[in-house]
Amino acid sequence: MRPRKAANGLLIIVSLLALIAFVGCDLAGYDITEDTDVLSRGKPAASTKAPKDEPIPPVIYSGAEGEVIPVDSTDQYETRWEEGDPRYRLLADTNDDGIVEAWEVVTENATHALVGEKFIGYYSSTFSLWAGQDNFAGDVTISNGLDGVTLSVDTTGSADIAEYHIYTYTSEGDLPDKRPAPGQAPYVVEGLDADSFEIFFSFEELGGTVDTTYYFIIHAALADDAEGGSETSLAGETAYVAGEDLPDFNGKGAWFYVVSYSAVPYFEPIIVELDNSGDGDGDGDDDVVNLDEETAYAGNTAGDGSSWWYYIDASADDFDEGTQFAIYAGQKIVPGAYVMYAKEAGILSITFGENMSLQGVDEPIKINGYEEIPDRRPNSGNFPYKFESYNEEGLYVDTWDYLIVHFDAEVTGLEE
């Protein structure tokens, strides 16, 4: 009888297990809804885990204004400030030292005027390369010209650069909130093994212009310094570019840094001396001298013949495109007025100054170029280059060894 009981008991246990297995299989893919008693197939219940922390925006390091990177003389241009312009300022030698600075601003008894500005170049920005998050590993400079941005990295004697990876952005909103994979960067150079590198990005490939603010994630993998210039080696470290001061990583996950760069132009003021022949009370009434209509020529050499004229001699092999050629009216120099000739580009730039303007006639600027200078003054009415006005980008007159530049001008304050 005992074996029978055991068999009966075993049968009951097997039956219960089969029932449990059957119920488990039947209900595994179903959820019971709150509104009905029927079974409906659905997704597993939502996770009850705590939500992840909100992404932390990356810290963006902006470089300080560094040295001025001059542009080529052919790229320089000048702007004239009219008196009604809110930027117009009267200047004076307030220190009586014979030097007028742009910040010596006065409203009465002005001896000089700021009539314009000359574009010289752009400020560069300076950063540092930081290895292992907070070990200084090198100097970094970002600068730009008219066509794009140049990045220069120079390491210390503690390491060489084995490879680098660079991400670029034109919007702060596109920056990642965690470290992007270096190997997937759009700019990757491997097997470099050098203590410095330089890379140029055109504005076109960056997707911006000279006025755009750019953001960079610049990563470098460091290797042993080939020259062994430091007792402390940073070989094997990961490095990112950040500010010159010790950076602070406040995010979560793998550390990384972001830098921004904006083209900051540098202008040199154009200052001319005023003709204060009135009573000097600064009221502007009796200090104004009427402008006289004169024929004017620009140049550094007097022409031959019975009539006076001047021309620009640009024939020298080492011709300096930064030379300022005076403007003569009535055979006298007009203070503060001059022209510059970017010969290679064929561009003539003009600064009229405070004492000169164009007459209200048709084509007051007439220019002609020569391979050999005439032996007498030519008729400017036949010149091929004629202009109604002057634009700030300069006048295109082609490339010549000699130029004759004629103006129908209104002038005052002529030097004796």
Relative contact order computed over the range 130-220 (Cα-Cα under 8 Å; 6+ residues apart), in percent: 37 percent
- prompt: Across the range 144-155, in residue order, what do the Karplus-derived ³J(HN,Hα) couplings come to in whole Hz, using 6.51 cos²θ - 1.76 cosθ + 1.60 with θ = phi - 60° and x for Gly and Pro?
  reply: 8, x, 7, 10, x, 10, 10, 10, 10, 10, 10, 7
- line: Residues whose built amide H sits under 5 Å from the amide H of Leu222, excluding neighbours closer than 5 in sequence, are Ala162, Gly236, Glu237, Ala239
task: Anything over 22 Å Cα to Cα? Flag those among Lys343/Lys366; Lys118/Lys332; Lys118/Lys386, in the order listed.
output: Lys118/Lys332; Lys118/Lys386
message: Let me make sure I get this right: for the range 361-416, a, b and c are the square roots of the gyration tensor eigenvalues over alpha carbons, sorted descending. Under 1.5 in a/c it's rounded, otherwise prolate if a/b > b/c, else oblate. Which is it?
response: oblate
task: Mind ranking 144-157, 364-377 by how tightly packed they are, going by the mean number of other C-beta atoms within 10 angstrom, highest first?
output: 144-157, 364-377
- prompt: the range 128-230: which GluC sites (Glu not before Pro) are DSSP loop and have at most 13 other beta-carbon atoms within 10 angstrom?
  reply: Glu190, Glu227
message: Sort 335-343, 93-101 by packing, meaning the average of other beta carbons within 10 Å per residue, with the highest value first.
response: 335-343, 93-101
query: Taking all protein chains as present, what is the carbon and sulfur share of the accessible area of the range 211-271, in % to the nearest whole number, probe 1.4 Å?
result: 42 percent
- request: Read phi for every residue in the range 126-135 and hand back ³J(HN,Hα) as whole Hz from Karplus 6.51 cos²θ - 1.76 cosθ + 1.60, θ = phi - 60°, with x for Gly and Pro.
  value: 10, 9, 9, 9, 10, 9, x, 5, 9, 9
field: Residue-normalised accessible area of the range 172-239, expressed per residue, 1.4 Å probe, Å²
entry: 58 Å²
- prompt: What's the center-to-center distance, using Cα atoms, between the range 241-263 and the range 336-399 in Å?
  reply: 51 Å
task: Quickly rank 319-331, 379-391 as a protection proxy: mean count of other C-beta atoms within 10 Å, highest first.
output: 319-331, 379-391
- request: Please tell me the relative contact order of the range 165-264 in percent, rounded to the nearest whole number, where contacts are Cα pairs under 8 Å and at least six residues apart.
  value: 34 percent
query: Amide H to amide H under 5 Å from Gly148: which residues, 5+ apart in sequence or cross-chain, H placed 1.01 Å off N in plane?
result: Phe203
- prompt: Applying the Karplus parametrisation 6.51 cos²θ - 1.76 cosθ + 1.60 with θ = phi - 60° to the phi angles of the range 353-359, what ³J(HN,Hα) value in whole Hz is obtained for each residue in order, glycine and proline being reported as x?
  reply: x, 7, 9, 9, 8, 8, 5
- line: For the range 287-416, the accessible surface attributable to carbon and sulfur atoms (probe 1.4 angstrom, ligands and nucleic acids excluded) amounts in percent to 39 percent
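The values are calculated or read from the model by the stated rules, or taken from the named source; none is laboratory data. Note that the coordinates shown come from a computational prediction; the quantities given were computed from them, not determined experimentally. Neighbour counts are summed over all protein chains in view; Cβ atoms, including those assigned to glycine, are modelled from backbone coordinates with ideal geometry. When the accessible area is computed, the model is the full protein with side chains, heavy atoms only, and any ligands, DNA or RNA have been set aside. Shrake-Rupley method; radii C 1.70, N 1.55, O 1.52, S 1.80 Å.
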